[in-house]
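Asker: I'd like to ask you about the structure that follows.
The values are calculated or read from the model by the stated rules, or taken from the named source; none is laboratory data. Source: prediction; values computed, not measured. Don't worry about glycine lacking a Cβ; one is built from the backbone with ideal geometry, like all the others, and counts go over all protein chains shown. Each accessible area value is taken on the protein alone, full model and side chains, heavy atoms only, with ligands, DNA and RNA left out. Shrake-Rupley method; radii C 1.70, N 1.55, O 1.52, S 1.80 Å.
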Amino acid sequence: MFTERCVFYLLITLILIGTQHFCQHIDEVKRLIKDKEKNYDKELRPVINQSESIAVYLNFSLLSIQEVNEVKQTVTLNAYISIRWRDEKIAWEPADYDGIVEFAVNSGRFWTPPLLIINTNDKLDFIGNPSIKTRYANTGVAFYDPGLSLTVSCRLDIRFYPWDRHRCFLQFDPWHYVPEELILINQTSHVDTTFYKPNGQWDLISSGVSSIAFPHKSTSYQVVIFIERQSTYVIVNVILPVIVLSLLNLMIFFIPNVSGERISFSITLLLAVTVFMTIVADNLPKSSTPMALFSYYLLIVLVMSNCITLSVIYSLCLYHRDESEPVGSYWQCIVRVMKYQCRSKKRNSRKYQNEVPSNKSGFGHNKDDKCSTIQVDPRMVIPPFYSGNYLYVNGKKRRKVSSKRWPPRNAFSQQHSSSGENEKNECSNVKEHENSVEKHICWKDVSVAFDRICFMIFMLLLIIASVASLAYIYFGRLKDNEK
Ligand SMILES: *[C@@H]1O[C@H](CO)[C@@H](O)[C@H](O)[C@H]1NC(C)=O
Ligand SMILES: *[C@@H]1O[C@H](CO)[C@@H](O)[C@H](O)[C@H]1NC(C)=O
Ligand SMILES: *[C@@H]1O[C@H](CO)[C@@H](O)[C@H](O)[C@H]1NC(C)=O
């Protein structure tokens, strides 16, 4: 019983305390505002001793980063700024006005600090507008929180794209007031991000605020934000495709010359790289200072793709060169070097019949075979034979023949019929045939050897260029950040 009554009285007290605040009569508020507007000049700073400066406290809160435009070098933000100052002309005694402790009116009715963002890209104008409310406490403290949706120009350094980091700053200046009249004071050392909504493309890494006053000149409140690009999108959509394309570009050296597809394949890939260059270029500022290092990497890939196309054309030229032209000694040298490197591999893959020379040398007399100047001296040739599980060529044990495939399929039967089928094979026959008294190298071998060299060189160049460029960009950024 006693506790119930206690609870009841407690509730009543709480309700009374709670409603006391809202029990202000509209006429009292009107009277208060009217009284305060009397004799109030909103042009003048609201300090009674006009030789004193008025302190304006600021807190900058970032809500979101809307857009970062690398081409226009601008950053669009949503934010609000909390502004506090003490209006000595408005302070009142609550007892005189039915216990009113605060009220809110349109900010245009009393003095507000005229703040200007000087590096905005929009129209240069004072922040806030007269219809935003200012709340006044009975001590005269004013609370004014205008929202900002602004585009500021920032110098975006895209050298290390897509791992670039930018520093963007906003500067608030009280126009025409010197620090002796109005001083801006930061109440925190960083931007308030309580209501910050992350951006899908950019990470907010850190922020800072500071206020600087130059006596007799100006005072300013500066906000700095550091943003970093989320590089995953660019890596997945640009870098990896470019790398895959350049590897694909190398595969051109595996397309046989006879297929006639080589040039169109390389041109297609060249176009694909060009398209990627355009995509990247669209996202970068159209200025040369500073250039994105990534553009140089794409240029390297493009140049390499060009060189690959040129080598393919040259290789085709070599392939179709008239066999009556003698093969130069340096070409022969190259072919021998390449052949030596690839011999072991080739041996395993070549069919049995290719190992077997024909006494009649049927391949040599085929009219399609331009590589037919070789004369095999039959006296010097020991015909290949099989003994046990080994194939003997020129009296040397050449290869173990697996018992499964014994006797070797088509070992001797097809040597004549196959001779006209594939010119290249025949050339290789001659080349591979170590029994020949004079080793002959035809242009088709030169073309194949040239392809191999090109493949190796371009593969090496491409790997070095890719690793070096990307590492340079990535670590260059880290080094730059330390500064
Ligand atoms: C007004 O402020 C100035 C500077 O603070 C001070 O020197 C001066 O005495 C003040 N005047 C009055 C009337 O309080
Ligand atoms: C700014 O933020 C700090 C800490 O949150 C707070 O104490 C201060 O009153 C705020 N000032 C303004 C002007 O909002
Ligand atoms: C105002 O900014 C400066 C520089 O960032 C900082 O050192 C100082 O602590 C800040 N003031 C407050 C009250 O946080």
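Asker: Filtering the stretch 75-114 down to residues that are closer than 20 Å to Glu228 by Cβ and open to solvent by less than 20 Å² (accessible area, probe 1.4 Å), which residue is nearest to the chain's Cα centre (by Cα)?
Answerer: Here the answer is Val75.
Asker: Sticking with this one: State all residues of the stretch 318-335 that are aromatic (Phe, Trp, Tyr) and without any contact (Cβ under 8 Å) to a residue 24 or more places away in the chain; if no residue qualifies, say none.
Answerer: Residue satisfying the conditions is Tyr330 alone.
Asker: If you don't mind, another one. Tell me, yes or no, whether the stretch 66-74 has at least one residue that is over 34 Å from the mean Cα position of the chain (by Cα), buried (at least 16 other Cβ atoms within 10 Å of the Cβ) and among the hydrophobic types (A, V, I, L, M, F, W, C). Can you show your working first?
Answerer: Of the stretch 66-74, the ones over 34 Å from the mean Cα position of the chain (by Cα) are none.
No, because not a single residue in the stretch 66-74 is over 34 Å from the mean Cα position of the chain (by Cα), buried (at least 16 other Cβ atoms within 10 Å of the Cβ) and among the hydrophobic types (A, V, I, L, M, F, W, C).
Asker: What number of residues within the stretch 142-159 are away from ligand 2 (no atom under 16 Å from the Cβ) and either in contact with a helix residue (DSSP H, G or I) (Cβ under 6 Å, 6 or more places away or on another chain) or assigned to a loop (DSSP other than H, G, I, E, B) (or both)?
Answerer: Adding up the residues that qualify gives 6.
Asker: A follow-up question, please. Using beta carbons and a limit of 7 Å, which pairs, at least six apart or on different chains, have the first residue in the stretch 172-192 and without any contact (Cβ under 8 Å) to a residue 40 or more places away in the chain and the second one within 16 Å of ligand 2 (Cβ to nearest atom) and of a type in the set (A, V, I, L, M)?
Answerer: Correct list of pairs: Ser189/Val209; His190/Val209.
Asker: Still on this structure: So Ser231 fits all but one of (1) of a type in the set (Ser, Thr, Tyr); (2) open to solvent by less than 30 Å² (accessible area, probe 1.4 Å); (3) over 18 Å from the mean Cα position of the chain (by Cα); what number is the exception?
Answerer: Result: Ser231 fails condition (3) only.
Asker: Here's something else I'd like to know. Does Ile118 satisfy being under 23 Å from Leu182 (Cβ atoms) and under 49 Å from the mean Cα position of the chain (by Cα)?
Answerer: Yes, satisfied.
Asker: Still on this structure, I have one more. Can you work out which of the residues in the stretch 40-69 that are touching an Asp or Glu at 6+ places or on another chain (Cβ under 8 Å) and farther than 16 Å from Val191 by Cβ is nearest to ligand 2 (Cβ to nearest atom)?
Answerer: Across the stretch 40-69, the extreme among qualifying residues is Ile54.
Asker: For the subset of the stretch 119-152 comprising residues that are open to solvent by 70 Å² or more (accessible area, probe 1.4 Å) and either within 16 Å of ligand 1 (Cβ to nearest atom) or of a type in the set (Phe, Trp, Tyr) (or both), which member is modelled with the highest pLDDT?
Answerer: The residue in question is Phe143.
Asker: Answer yes or no: is there a residue in the stretch 213-220 that is open to solvent by 40 Å² or more (accessible area, probe 1.4 Å) and farther than 29 Å from Ile127 by Cβ.
Answerer: no
Asker: Answer yes or no as to whether Ser246 is at pLDDT below 90 and buried (at least 19 other Cβ atoms within 10 Å of the Cβ).
Answerer: Yes; evaluated as a whole, the condition is true for this residue.
Asker: So which of Leu293, Leu240, Leu310 is over 15 Å from the mean Cα position of the chain (by Cα) and more than 17 Å from Val448 (Cβ to Cβ)?
Answerer: Among Leu293, Leu240, Leu310, only Leu310 is over 15 Å from the mean Cα position of the chain (by Cα) and more than 17 Å from Val448 (Cβ to Cβ).
Asker: Oh, and also: Please tell me if Ser315 is among the hydroxyl-bearing types (Ser, Thr, Tyr), under 21 Å from Leu460 (Cβ atoms) and touching a residue at least 12 places away in the same chain (Cβ under 8 Å). Before the answer, list the steps.
Answerer: Details: among the hydroxyl-bearing types (Ser, Thr, Tyr): yes; under 21 Å from Leu460 (Cβ atoms): yes; touching a residue at least 12 places away in the same chain (Cβ under 8 Å): yes.
So Ser315 fits the description; yes.
Asker: Residues of the stretch 278-308 being part of a helix (DSSP H, G or I), within 30 Å of Val68 (Cβ to Cβ) and open to solvent by less than 60 Å² (accessible area, probe 1.4 Å), which ones?
Answerer: Pass one, the stretch 278-308, residues part of a helix (DSSP H, G or I): 278-282, 293-308.
In the following step, the residues that additionally are within 30 Å of Val68 (Cβ to Cβ) were identified as 278-282, 293-302.
Within the stretch 278-308, Val280, Ala281, Leu293, Phe294, Ser295, Tyr297, Leu298, Val301, Leu302 qualify.
Asker: Is it fair to say Ser51 is in contact (Cβ under 8 Å) with a residue 24 or more places away in the chain and small (Gly, Ala, Ser)?
Answerer: It is false that Ser51 is in contact (Cβ under 8 Å) with a residue 24 or more places away in the chain and small (Gly, Ala, Ser).
Asker: Answer yes or no: is there a residue in the stretch 432-440 that is hydrophobic (A, V, I, L, M, F, W, C), exposed (fewer than 15 other Cβ atoms within 10 Å of the Cβ) and either at pLDDT below 75 or under 26 Å from Ile158 (Cβ atoms) (or both).
Answerer: The answer is yes, given that some residue of the stretch 432-440 is hydrophobic (A, V, I, L, M, F, W, C), exposed (fewer than 15 other Cβ atoms within 10 Å of the Cβ) and either at pLDDT below 75 or under 26 Å from Ile158 (Cβ atoms) (or both).
Asker: Take the conditions among the hydroxyl-bearing types (Ser, Thr, Tyr) and within 16 Å of ligand 2 (Cβ to nearest atom) and apply them to Ser210. Does it pass?
Answerer: yes
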